[in-house]
Amino acid sequence: MEPKDVAYKLFQGRWQKQGDEIQPEYCPYCEGGQHKDKHSFSMNLDTGAFICYRGKCRVEGNARKLIQDFNLEPSEAYERKPKREYKKPQGNVKSPQQNIIDYMAERGLSKETLDLFKIGENQGRIAFPFHEDGELVYLKFRSRDKKFTAEPGGKPIFFGMDLCSLDMPLIITEGEIDCMSLWEAGIPNAVSLPNGAQSLNVLDTCWEWVKKFNQYYIWTDADEPGQKAQRELVNRLGATRCGIVSPPADCKDANDVLVKHGKGVVAKCVQDAYFTPMKGVISLADIPEYDPGSDFVVKSHIPGMNEEIKGGFRGGEVCVWTGVNGSGKSTFLGQVMLQAIDDDNKVCAYSGELPARLFRYWIDLQAAGPENVTVAHYDGRETVKIKPDVLPHIRAWYKDSFWLYDDQDVVSQDKILEVFEYCYRRHGCRVFMIDNLMSLALNSTSDSDFYRKQADFIGICKQFAGKYEVVIHIVAHPRKTQGSMSKSDVAGSFNITNWADTVIEVKRLTPKEKDWAIANLRATEACTAWARVMKSRWSGRQDAYSLLEFNENSKRFFEMGGSAGYAFSWVQLIGQQSTSDSLQDWEKLGRVVNP
């Protein structure tokens, strides 16, 4: 565990902070002694070193000692790592023939550099070996017409990482030849993404290695995918630690600079890297053009709701979900999270209401759908079970995409945001869920103070969402339990809905409400619930209703008149046919994965 993880495990975030050091109320060893002396214990969150300044204690040590002395177990949210199995490449790679050596020379790369990276040849193609701790773990091929392939089953890591030193900044490029161009120019410690700008999941695969560097230089291509990759690398590695390398105007990447301008200009580009100045001070004229079509948007599983909020939930937004107890807020949000995964996003949830096993049971039911669940009876109780042959495929589908923070103690707002930041940086999560606002420890002295702190927390979440361009969904119970709700009823504070970008009420309808919906919203008798958009900052809509039905066995809400039997893309993973009428409809539901 990192020192910060040890501190949170031991003190649960209850401390005062001065710089990099924390001071909990009492020393965990002497507990303040007879006179209950406070704040005598100090711990550095970076190094883990600690000491108690109380004269009769004076204990000191490091994080490892705290782990041993207090039998601290690693926190699952921080220590869990992907368990994916990889195959060692078996490709027949030979020494490069003269035609490959000549081609690389045209790209400005010497035989010495090719030997350094152990470049080879396979069936006339250039072979790029990827080594980790001296072992070949990934093998990629490039033909002369720039067609890339890789041996299946390998572990995609940073190209060149075995050549790098932790004592120097790490330079991240977009391609293998760009990486080698830097080494050719006398600039070491360069690596490349394994498969271009779209392969940022390499941060997940190599996180334990990449996080050890103190500084990074980012040199991606000058095109739109390269610039998008640059932004995400900076976000996940930390803006203050990243220098942005820009090539001359007539070049698109590092190799282009080497070929056109020579080694000296390559080195100068790195030397002139741009580092982020004082946060928040910018020239208005320098702000990049905004294209709404390029927004990160996460759709819900209800098409009508997506229309009401102009396509879905956008990165940088906080969405507050409200409704009386038992109205289905958490259930509805479970489907929203699964839809996000189906659209190839990673998600993280905190459930302060359900234990982990029950939370997953409901998610599994929703992922399975009504066709893949059965009703069983135990001692007179009716229970819904998922078909055994289906469940492993569902778990494999969301294994590295759905993360749950499970802590049965009262959790602070600072802890939640720390976990979210970790899951964004470590796992690439971009959609988050808090269920619910009242389960967080806000250290309030009165009801009014409690409501104010809830509103303040929504504001803090808004800043977090904007900083990392993520979506945060928060469940907030209303004070009012009967009659029509207004935005001021949400968690007892109008300021909550002021901060939120979107506010949605989920409601199971009483007979009187159903009659009203039939008369005013053209509902049918099948309608059992609605999702009302009370506020959408993006679309400007208020009181826009999506009429819903509900399938009890699979815990699925679906649009009135529709079907609960739509399939998430785990179905495609086992080669089953889509339940949609056409391939185009299936693509709207989720990503298509070839069996």
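Counting only residues that are among the hydrophobic types (A, V, I, L, M, F, W, C) and under 24 Å from Gln271 (Cβ atoms), which one in the stretch 205-215 is surrounded by the most Cβ atoms within 10 Å (Cβ to Cβ)? It would help to see each step written out before you state the result.
Step one: filter the stretch 205-215 for residues among the hydrophobic types (A, V, I, L, M, F, W, C), giving 206-207, 209-210, 213.
From what's left, under 24 Å from Gln271 (Cβ atoms): 210, 213.
Details: Val210: 22, Phe213: 19.
Once the filter is applied, the top-ranked residue is Val210.
Would you point out which residue out of Ala349, Ala340 is in contact with a Leu (Cβ under 9 Å, 6 or more places away or on another chain) and either assigned by TED's automatic domain parsing to the domain that holds Ile416 or closer than 16 Å to Val471 by Cα (or both)? Lay out the reasoning, then the answer.
Working: Ala340 fails: in contact with a Leu (Cβ under 9 Å, 6 or more places away or on another chain).
After applying the criteria, what remains is Ala349.
Hey, can you tell me all the residues within the stretch 127-180 that are aromatic (Phe, Trp, Tyr) and either under 20 Å from Ala273 (Cα atoms) or not in a strand (DSSP E or B) (or both)?
Of the stretch 127-180, the ones aromatic (Phe, Trp, Tyr) are 128, 130, 138, 141, 148, 158-159.
Across the stretch 127-180, the qualifying residue is only Phe158.
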Considering Pro156, Pro188, which residue is surrounded by fewer than 18 Cβ atoms within 10 Å (Cβ to Cβ) and either over 28 Å from the mean Cα position of the chain (by Cα) or of a type outside the set (Phe, Trp, Tyr) (or both)? Pro188
Which one of the conditions (1) buried (at least 22 other Cβ atoms within 10 Å of the Cβ); (2) among the aliphatic types (A, V, I, L, M); (3) more than 26 Å from Pro247 (Cα to Cα) does Ala150 fail to meet, given that it meets all the rest? (1)
Could you check, for the stretch 546-565, whether at least one of its residues is farther than 25 Å from Val384 by Cα and either of a type in the set (Gly, Ala, Ser) or surrounded by fewer than 21 Cβ atoms within 10 Å (Cβ to Cβ) (or both)? yes
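Within the stretch 183-292, which helices (runs of 4 or more DSSP H) (wholly inside it) include 1 or more residues that are over 22 Å from Lys146 (Cβ atoms) and hydroxyl-bearing (Ser, Thr, Tyr)? Let's see the steps before the verdict.
On the way: elements: 202-205, 207-210, 224-237, 254-261, 263-271.
Qualifying helices (runs of 4 or more DSSP H): 202-205.
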Residue that is in contact with an Asp or Glu (Cβ under 8 Å, 6 or more places away or on another chain), aliphatic (A, V, I, L, M) and assigned by TED's automatic domain parsing to the domain that holds Asn195, where the choices are Leu109, Leu114, Leu170: Leu109
Residue count, the stretch 559-574, condition in a loop (DSSP other than H, G, I, E, B), under 20 Å from Gly334 (Cβ atoms) and out of contact with any Lys or Arg (no Cβ under 7 Å at 6 or more places or on another chain), comes to 7
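Just for the stretch 389-413: of the residues that are assigned to a strand (DSSP E or B) and modelled with pLDDT of 90 or more, which one is nearest to Leu440 (Cα to Cα)?
Keep residues of the stretch 389-413 that are assigned to a strand (DSSP E or B), which gives 402-405, 411-412.
Keeping just the survivors that are modelled with pLDDT of 90 or more gives 402-405.
Details: Phe402: 21, Trp403: 19, Leu404: 16, Tyr405: 13 Å.
Restricting to residues being assigned to a strand (DSSP E or B) and modelled with pLDDT of 90 or more, the top hit is Tyr405.
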Quick one: Ala77 ticks every box in (1) at pLDDT 80 or above; (2) crowded, with 16+ Cβ neighbours inside 10 Å bar one, so which box is it? (1)
Residues satisfying the stated conditions in the stretch 216-261, i.e. surrounded by fewer than 16 Cβ atoms within 10 Å (Cβ to Cβ) and of a type in the set (Ser, Thr, Tyr): Thr240, Ser246
Candidates Ile458, Ile434, Ile416, Ile386, filtered to the one that is modelled with pLDDT of 85 or more, over 30 Å from Trp499 (Cα atoms) and either surrounded by 16 or more Cβ atoms within 10 Å (Cβ to Cβ) or assigned by TED's automatic domain parsing to the domain that holds Leu203 (or both): Ile386
For the stretch 337-351, the count of residues that are closer than 8 Å to Val431 by Cβ and surrounded by 21 or more Cβ atoms within 10 Å (Cβ to Cβ) equals 4
Output the residue which, of all residues in the stretch 308-345 that are touching a His at 6+ places or on another chain (Cβ under 9 Å) and in a strand (DSSP E or B), is farthest from Lys399 (Cα to Cα). Thr322
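The values are calculated or read from the model by the stated rules, or taken from the named source; none is laboratory data. Here the structure is a predicted model, which is why all the values come from computation and not from measurement. Cβ sites come from the backbone with ideal geometry, for glycine too, and all protein chains shown count toward neighbours.
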